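The values are calculated or read from the model by the stated rules, or taken from the named source; none is laboratory data. Predicted model only: the values in this text are computed from it and were never measured. Note that each Cβ is placed from the backbone with ideal geometry, even for glycine, and that neighbours are counted across all protein chains shown.
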4 protein chains.
Amino acid sequence: MCPLIQQVEAVCAKRARRKEARPGELLAAALDLFVEKGFAATKAEEVAARAGVSKGTLFLYFKSKEELFKAVVRENISGNFPAWNAEFDNFQGSTAEMLSYAMNAWWAHVGATQASGITKLMMSEARNFPELAAFYQDEVIRPGNALLARILQRGIDRGEFRPVNIKYGVHSVLAPLMFLTMWKHSLGACVGQDVELVPKDYIAAQIDTLLNGFCTPAKTTLSPTLTQFTPYPLTGDSQA
Amino acid sequence: MCPLIQQVEAVCAKRARRKEARPGELLAAALDLFVEKGFAATKAEEVAARAGVSKGTLFLYFKSKEELFKAVVRENISGNFPAWNAEFDNFQGSTAEMLSYAMNAWWAHVGATQASGITKLMMSEARNFPELAAFYQDEVIRPGNALLARILQRGIDRGEFRPVNIKYGVHSVLAPLMFLTMWKHSLGACVGQDVELVPKDYIAAQIDTLLNGFCTPAKTTLSPTLTQFTPYPLTGDSQA
Amino acid sequence: MCPLIQQVEAVCAKRARRKEARPGELLAAALDLFVEKGFAATKAEEVAARAGVSKGTLFLYFKSKEELFKAVVRENISGNFPAWNAEFDNFQGSTAEMLSYAMNAWWAHVGATQASGITKLMMSEARNFPELAAFYQDEVIRPGNALLARILQRGIDRGEFRPVNIKYGVHSVLAPLMFLTMWKHSLGACVGQDVELVPKDYIAAQIDTLLNGFCTPAKTTLSPTLTQFTPYPLTGDSQA
Amino acid sequence: MCPLIQQVEAVCAKRARRKEARPGELLAAALDLFVEKGFAATKAEEVAARAGVSKGTLFLYFKSKEELFKAVVRENISGNFPAWNAEFDNFQGSTAEMLSYAMNAWWAHVGATQASGITKLMMSEARNFPELAAFYQDEVIRPGNALLARILQRGIDRGEFRPVNIKYGVHSVLAPLMFLTMWKHSLGACVGQDVELVPKDYIAAQIDTLLNGFCTPAKTTLSPTLTQFTPYPLTGDSQA
DNA sequence: GATGAATGAGGATTCATTCAT
DNA sequence: CATGAATGAATCCTCATTCAT
């Protein structure tokens with residue numbers, strides 16, 4: 001008679017199994033929705049519903065919607081940089097190969113995944129969450145820039161790259177990736193197939209331009225395979 | 001004939017000027033706030049207050065907050081493209097110079113002005129305003145891409161640029177500018193001076209990389225002045 | 001250039017002529033709208049617009065919307081009762097004829113005119129305007145009931161009518177007329193032709209029933225013309 | 001199996017009863033207030049307060065104030081007509097008795113209850129809610145008229161009533177009842193005891209007049225008890 | 001007088017958050 | 001722990017009323 005009773009057995013069974021999964025499911029649901037609609041336009045109840053729990057449960061795990069937001073951001077800023085820096089240290093090939101590899105790897109492990117939503121989120125909401133913005137700068141921007149800077153410096157040091165301005169050269173690499181991310185999560189998600197971007201082709205083209213832009217004249221002629229992505233296993237990265 | 005006529009001229013003059021000024025003041029205030037805080041987090045009353053009027057007055061000129069938002073977007077998408085296309089047609093120098101000029105001009109006339117806030121806005125809110133997203137694609141994205149495509153094609157046709165993929169080559173130019181815009185209106189507006197971007201230097205560096213990336217080997221050696229911005233007057237553009 | 005100037009000449013010409021007509025035009029417009037939509041749902045600006053003046057002008061003539069409402073009610077409760085009582089005093093025919101005449105006259109001079117809207121208005125809004133309700137009782141209900149009571153009493157005194165209860169007998173006459181009025185201004189104004197009431201036929205039928213109900217057995221057979229309305233001139237009644 | 005089940009029954013019992021009761025409490029409060037003050041002048045918060053809940057709760061059960069209004073109307077138009085038609089079919093006495101019974105029963109089961117407020121409401125607000133007006137015509141006006149028409153037709157067929165015009169004869173019965181309802185909920189609720197109507201006496205008087213008006217001469221002499229109400233149990237009617 | 005731009009109190013509605021069950 | 005009914009602060013928007021012109 002009361003539909004709750006019917007559900008209870010199922011709930012009893014599942015609850016134990018899912019109990020510890022809850023926060024993760026909530027964070028995933030929240031990331032999706034925050035990315036799609038923004039912080040303010042996302043309703044707590046929607047997040048709970050998408051995570052398959054009730055409104056009350058959401059607040060059991062997160063003190064407030066703002067805390068949920070912060071948790072979403074923190075959760076998805078996995079500290080990949082140690083692993084990535086280790087890869088840098090061990091990388092054997094040319095710096096052109098390294099840069100190509102890095103950009104493709106970024107797409108495979110970040111850009112193409114839900115984690116890329118965090119970038120969109122930070123760009124959209126940073127000014128309402130200065131504390132998070134600072135956190136993001138510390139955890140992502142600075143390490144990321146540093147890693148890119150190391151790559152460029154390596155190229156220059158080895159005579160592979162022209163002596164470009166490191167600080168702004170970093171953004172020549174970063175900007176196309178960030179733009180792709182933003183596009184994917186905003187205007188690119190609406191209408192217009194004529195403006196659609198095919199990530200692999202887009203990235204290949206950017207790599208092509210960049211390497212021509214960075215490399216010393218002698219190196220201008222790149223083997224075409226350089227822009228192809230060879231999927232090195234990225235240590236310490238659990239995201240598919 | 002009737003003393004009213006005398007009064008009316010005065011009234012027409014003063015009140016009309018007021019009435020005509022209001023929407024502009026409100027749109028300016030709204031642009032500021034929407035860019036700063038996002039659509040949802042901006043209160044109608046704040047916009048009114050910043051424009052120096054009361055809540056009610058805002059709704060006298062815009063049926064709803066959503067209409068205000070749409071008006072803000074439309075208002076700031078002045079049809080610069082005809083003038084820019086005309087400039088393209090009349091441009092005398094090399095395509096490298098043209099590209100350099102175009103990027104610097106974009107910064108001076110768009111990026112550095114409040115109009116750049118619209119880009120941030122569209123990226124942040126597109127998914128909540130699909131109609132506007134379509135409108136923006138029609139009015140901005142497509143014409144913008146087309147103009148950049150014409151520049152690249154000119155370079156290729158004249159043997160100045162390598163035969164790069166036009167569609168994605170466009171984004172090599174676009175992405176650094178879009179990233180600068182997003183950055184300026186989001187994370188760049190918070191904390192950290194170490195990550196601060198100096199627009200002129202940033203753009204000069206991107207031009208440097210791009211031209212090296214686009215140009216044919218023979219042209220690889222650019223005169224350093226190419227990355228300096230010479231302020232051509234932009235016809236039909238009233239923005240400082 | 002300023003459209004006001006163009007209108008001014010016309011305004012100058014008309015203003016003198018219309019100046020004293022204004023309040024009347026406003027009251028007429030207000031009556032229409034109050035009847036149609038009720039007090040609260042009627043906007044001051046609508047009233048002004050229908051009267052062909054500006055919002056400001058309305059408040060020049062009526063201190064507030066509530067005052068306007070009161071004025072509308074007061075204005076339309078013309079003191080017809082002295083004239084009607086005089087007619088009663090001078091009436092020559094049978095009381096059946098008198099009753100028939102009175103009901104038809106009421107329709108012609110009140111029910112069919114905008115004045116009937118006042119009844120609708122009082123029924124709908126009385127509880128929000130107790131002061132007006134009292135006024136209406138004094139000026140309309142009591143004199144109206146008294147007049148009907150005199151008619152019934154005359155019929156009884158002359159042996160034409162059965163000795164019915166005067167107080168409630170009055171409502172046997174009143175109710176059909178009030179119902180017709182309410183109907184006309186509410187549900188009757190919406191949809192359904194199958195429930196449409198043809199006032200003349202409706203009133204004729206009510207007169208038929210009432211006279212059969214009131215008259216003494218001997219008088220039961222009425223000449224059929226009794227239910228036809230002969231348009232006696234109603235002294236002191238300016239309404240068409 | 002799981003202690004939750006035990007809790008759930010209690011919760012189901014108590015909370016569900018609460019949840020089921022809420023809408024009714026709100027509808028009752030809303031009916032009161034809408035009848036008293038009209039739709040527009042009734043504040044949502046007042047309704048909630050009278051129902052003993054908060055503003056927010058009201059909107060938990062009704063999407064908007066307008067939906068609340070519609071629900072109030074629909075709720076109070078219980079389908080009494082099948083039961084009433086059944087009574088008609090089984091009625092044994094004279095048609096005069098039947099009519100008398102019907103009018104008294106209407107008062108006892110509708111006129112005297114809160115349901116009569118709906119009539120007032122529809123008359124007052126019909127023009128602002130055309131859909132509801134149509135609904136009301138379908139659900140109340142037409143079935144009601146049809147039932148009354150059946151009664152009159154029965155009287156005529158059995159030679160008890162004069163061959164009156166059925167369509168308008170219906171309103172001879174209806175009008176006094178409708179007027180009583182309107183009166184009770186409008187002017188009658190204000191001031192003046194001298195114009196007070198005692199429902200039982202009022203109805204008795206109307207019955208008296210109507211029967212005299214409808215009946216054939218031979219039947220003109222009615223037993224005085226006919227106008228007294230004998231409270232037949234009204235099948236399927238739960239209202240006191 | 002007349003106008004209509006401006007005002008801001010008032011009311012509908014939303015939604016994060018709480019808490020009894 | 002989980003639930004979802006209840007809350008009320010916050011916000012959009014309306015419209016009677018004012019007042020400079």
Completion exercise
Expected output for the stretch B:51-62 (first residue without any contact (Cβ under 8 Å) to a residue 40 or more places away in the chain and among the basic types (Lys, Arg), partner in a helix (DSSP H, G or I) and within 8 Å of DNA strand F (Cβ to nearest atom), Cβ below 6 Å, 6+ apart or cross-chain) is B:Lys55/B:Glu45
Fill in the blank from the handout: Taking the stretch B:160-188 and keeping residues touching a Lys or Arg at 6+ places or on another chain (Cβ under 9 Å) and either touching a residue at least 60 places away in the same chain (Cβ under 8 Å) or not in a helix (DSSP H, G or I) (or both) leaves B:Glu160, B:Phe161, B:Thr181, B:Met182, B:Lys184, B:His185, B:Ser186
Exercise for the section: For residues that are under 25 Å from D:Phe129 (Cα atoms) and near DNA strand F (Cβ under 8 Å from one of its atoms), tally how many sit in the stretch C:49-67. Expected result: 2
Exercise for the section: Return the residue satisfying two criteria in turn: it lies in the stretch D:183-240 and is among the charged types (D, E, K, R) and modelled with pLDDT of 50 or more, and of such residues it is surrounded by the most Cβ atoms within 10 Å (Cβ to Cβ). Expected result: D:Asp208
Practice task
Kindly indicate whether B:Glu131 is within 14 Å of chain A (Cβ to nearest Cβ), surrounded by fewer than 17 Cβ atoms within 10 Å (Cβ to Cβ), under 30 Å from A:Gly38 (Cβ atoms) and within 16 Å of DNA strand E (Cβ to nearest atom).
Solution key: no
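Yes/no matrix, rows are residues, columns are (1) surrounded by fewer than 20 Cβ atoms within 10 Å (Cβ to Cβ); (2) within 13 Å of another protein chain (Cβ to nearest Cβ); (3) of a type in the set (A, V, I, L, M):
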{"residue": "A:Lys70", "(1), (2), (3)": "yes, no, no"}
{"residue": "A:Phe81", "(1), (2), (3)": "yes, no, no"}
{"residue": "A:Gln92", "(1), (2), (3)": "yes, no, no"}
{"residue": "A:Ser100", "(1), (2), (3)": "no, no, no"}
{"residue": "A:Ser124", "(1), (2), (3)": "no, yes, no"}
Handout entry: Residue that is free of Cβ contacts under 8 Å to residues at least 40 places away in the same chain and not charged (D, E, K, R), where the choices are C:Ala86, C:Ala112, C:Ala108, C:Ala134
Key = C:Ala134
Exercise for the section: Please state which of the following conditions D:Ala41 fails to meet, knowing it meets all the rest: (1) farther than 30 Å from D:Phe161 by Cα; (2) in a helix (DSSP H, G or I). Expected result: (2)
Practice task
Within the stretch A:49-84, track down each residue that is within 8 Å of DNA strand E (Cβ to nearest atom), part of a helix (DSSP H, G or I) and either at pLDDT below 95 or over 23 Å from A:Gly111 (Cα atoms) (or both).
Solution key: A:Lys55, A:Gly56, A:Leu58, A:Phe59, A:Leu60, A:Lys65, A:Glu66, A:Glu67
Handout entry: the stretch C:182-207: number of residues that are of a type outside the set (A, V, I, L, M, F, W, C) and either at the interface with chain D (Cβ under 7 Å from one of its Cβ atoms) or in contact with a Pro (Cβ under 6 Å, 6 or more places away or on another chain) (or both)
Key = 5
Exercise for the section: Within the stretch C:208-216, identify whether any single residue is out of contact with any His (no Cβ under 6 Å at 6 or more places or on another chain), without any contact (Cβ under 8 Å) to a residue 24 or more places away in the chain, in a helix (DSSP H, G or I) and within 19 Å of C:Val110 (Cα to Cα), and answer yes or no. Expected result: no
Practice task
Using the structure shown, decide if B:Ala29 is under 23 Å from B:Tyr136 (Cβ atoms), more than 11 Å from DNA strand E (Cβ to nearest atom) and at pLDDT 95 or above.
Solution key: yes
Practice task
Could you identify the single residue in A:Leu180, A:Leu147 that is modelled with pLDDT of 90 or more and closer than 30 Å to B:Leu121 by Cβ?
Solution key: A:Leu180
Handout entry: Verdict on B:Leu152 being modelled with pLDDT of 95 or more and either among the basic types (Lys, Arg) or part of a helix (DSSP H, G or I) (or both)
Key = no
Completion exercise
Exactly one of B:Glu46, B:Glu139, B:Glu125, B:Glu97 is of a type outside the set (Phe, Trp, Tyr), within 16 Å of DNA strand E (Cβ to nearest atom), assigned to a helix (DSSP H, G or I) and touching a residue at least 60 places away in the same chain (Cβ under 8 Å), and that one is B:Glu125
Problem - Criterion violated by D:Ala40 - all others in (1) more than 14 Å from chain C (Cβ to nearest Cβ); (2) out of contact with any Leu (no Cβ under 8 Å at 6 or more places or on another chain); (3) modelled with pLDDT of 95 or more satisfied - result: (1)
